[in-house]
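Worksheet for the structure shown next.
The values are calculated or read from the model by the stated rules, or taken from the named source; none is laboratory data. From a predicted model like this one, the values you see are computed outputs, not experimental measurements. Neighbour counts run over all protein chains shown; Cβ positions are idealised from the backbone, glycine included. The area values use the complete protein model at the heavy-atom level, side chains included, leaving out ligands, DNA and RNA. Shrake-Rupley method; radii C 1.70, N 1.55, O 1.52, S 1.80 Å.
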Amino acid sequence: MSATTRTPMAPDSPTTSKLTRLLGDRRLPVLVTATLFLAMYIAGLSRYQNYGFAEPQVFLNLFIDNGYLLVAAVGVTFVILSGGIDLSVGSLIGFTTMFTAWLVERQGVPLPLAALLALGVGAFGGFLMGYVIQNFEIQPFIVTLAGLFLFRGLCLVISKESISISDSSVSSLAQTRVSLGLGELSIGAIAALVVIGVAFYVLHYTRFGRRVYAIGGNEQSAMLMGLPQGGTKIAVYTVSGFCSALAGLLFMLYIQSGDPLHAVGMELDAIAATVIGGTLLTGGAGYVIGTLFGVLVLGLIKSIIQFEGTLSSWWTKIATGVLLCAFILIQRVMTTRKRT
């Protein structure tokens with residue numbers, strides 16, 4: 001009676017092992033986004049070299065034109081890293097423009113004081129939503145959706161019409177440019193870069209940042225480790241509210257007015273930039289530098305469409321949707337590989 005022989009399974013080839021490690025690397029989505037931005041920029045240089053695309057100021061304009069979105073996306077990054085979502089961002093930005101314009105134009109409040117009040121209201125709004133999410137155990141989607149309607153409604157309570165800002169300090173700040181030799185940056189762009197730097201430090205070099213990643217990665221494990229998840233959850237929504245209010249101030253400087261319809265849907269742009277930048281929607285993985293590249297990619301799409309001249313602005317939404325689907329698929333492949 002012959003014994004049955006079994007052939008041993010062949011070990012993974014070096015190529016397969018490298019591919020597996022690559023797909024499991026958390027930095028992969030950020031590298032993909034950075035590579036995509038570089039490829040798009042090089043394509044723009046080659047196609048529009050006779051139209052001024054190679055000017056350094058065109059690149060710097062990406063920060064000037066999208067500084068407010070970058071700040072809002074940083075706040076959203078904190079929330080998504082913790083495993084949550086914030087749909088109130090756009091409404092809070094719109095409310096901040098209306099609230100600040102109303103204080104400065106109608107009430108005669110000095111701009112610095114009006115800005116501090118707006119930031120305080122934004123931070124408190126985020127704190128309140130985080131408190132309700134944590135202590136009443138309601139899904140973030142529902143609570144922040146309520147925040148979306150609340151702040152948009154408050155915009156209309158202040159005024160149903162746009163409020164133009166004629167204050168000299170606002171126009172002076174809006175027109176201020178800082179020379180970098182090869183080009184100029186606005187105050188809003190510089191503020192956005194400062195926010196990126198602070199957020200990078202907080203997320204990667206502080207206990208609070210490590211708690212955000214831990215709670216987003218596995219909330220039950222974080223709880224068993226004794227991490228203060230309640231305070232951390234409330235804090236990330238407070239950060240998001242503060243960033244949304246700051247983004248509203250930068251947006252107000254950018255357009256020098258307040259309007260109840262400002263920033264409609266901007267929360268979706270912020271979420272899209274965060275996801276395209278490599279932050280997992282399930283939380284626990286991502287980098288704020290990736291969010292920066294995500295915003296730059298969206299801004300570059302708008303710039304290319306403007307240089308093309310024959311395309312409708314709606315192609316921006318189409319391209320954003322395609323990229324968002326592609327990066328969600330990348331995230332799906334990465335999480336599947338980790339489980340196996």
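Structure notes:
- Scanning the range 196-230 for residues that are over 22 Å from Leu281 (Cβ atoms) and either part of a loop (DSSP other than H, G, I, E, B) or under 16 Å from the mean Cα position of the chain (by Cα) (or both) returns Gly197, Val198, Thr206, Met225, Gly226, Pro228.
- Positions within the range 231-250 being polar (S, T, N, Q) and under 13 Å from the mean Cα position of the chain (by Cα), in sequence order: Ser240, Ser244
- Across the range 287-333, the qualifying residues are those that are open to solvent by 10 Å² or more (accessible area, probe 1.4 Å) and of a type in the set (Ser, Thr, Tyr), and the one among them that is nearest to Phe78 (Cα to Cα) is Tyr287.
- Test: Glu105 is of a type outside the set (Phe, Trp, Tyr), assigned to a helix (DSSP H, G or I), in contact with an Asp or Glu (Cβ under 9 Å, 6 or more places away or on another chain) and over 19 Å from Lys233 (Cα atoms): yes
- Gly83 being at pLDDT below 95, within 22 Å of Ser186 (Cβ to Cβ) and buried (at least 18 other Cβ atoms within 10 Å of the Cβ): no
- The range 259-278, residues that are farther than 17 Å from Leu296 by Cα and either modelled with pLDDT of 90 or more or not small (Gly, Ala, Ser) (or both): Asp259, Pro260, Leu261, His262, Ala263, Val264
- If only residues of the range 159-182 that are within 30 Å of Phe53 (Cβ to Cβ) and in a loop (DSSP other than H, G, I, E, B) are counted, the one that is least open to solvent (accessible area, probe 1.4 Å) is Thr176.
- Unique match (being over 20 Å from the mean Cα position of the chain (by Cα) and either modelled with pLDDT of 95 or more or buried (at least 16 other Cβ atoms within 10 Å of the Cβ) (or both)) among Val104, Val89: Val104
Residue-by-condition table, conditions (1) closer than 20 Å to Phe124 by Cα; (2) not small (Gly, Ala, Ser):
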residue: Ala199; (1), (2): yes, no
residue: Gly209; (1), (2): no, no
residue: Ile215; (1), (2): no, yes
residue: Leu224; (1), (2): no, yes
residue: Leu227; (1), (2): no, yes
residue: Thr232; (1), (2): yes, yes
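- Residues being at pLDDT below 90 and outside any helix (DSSP H, G or I) - total across the range 29-79: 4
- Residue match in the range 48-58 (condition: surrounded by 24 or more Cβ atoms within 10 Å (Cβ to Cβ), farther than 25 Å from Phe200 by Cα and touching a helix residue (DSSP H, G or I) at 6+ places or on another chain (Cβ under 7 Å)): no
- Selection count, the range 255-286, where residues are surrounded by 19 or more Cβ atoms within 10 Å (Cβ to Cβ) and in a helix (DSSP H, G or I): 10
- Condition met for Gly231 (buried (at least 21 other Cβ atoms within 10 Å of the Cβ) and either over 21 Å from Met266 (Cα atoms) or among the small types (Gly, Ala, Ser) (or both)): no
- When we screen Leu185, Leu154 for residues that are open to solvent by less than 30 Å² (accessible area, probe 1.4 Å) and either assigned to a helix (DSSP H, G or I) or in contact (Cβ under 8 Å) with a residue 12 or more places away in the chain (or both), the only hit is Leu185.
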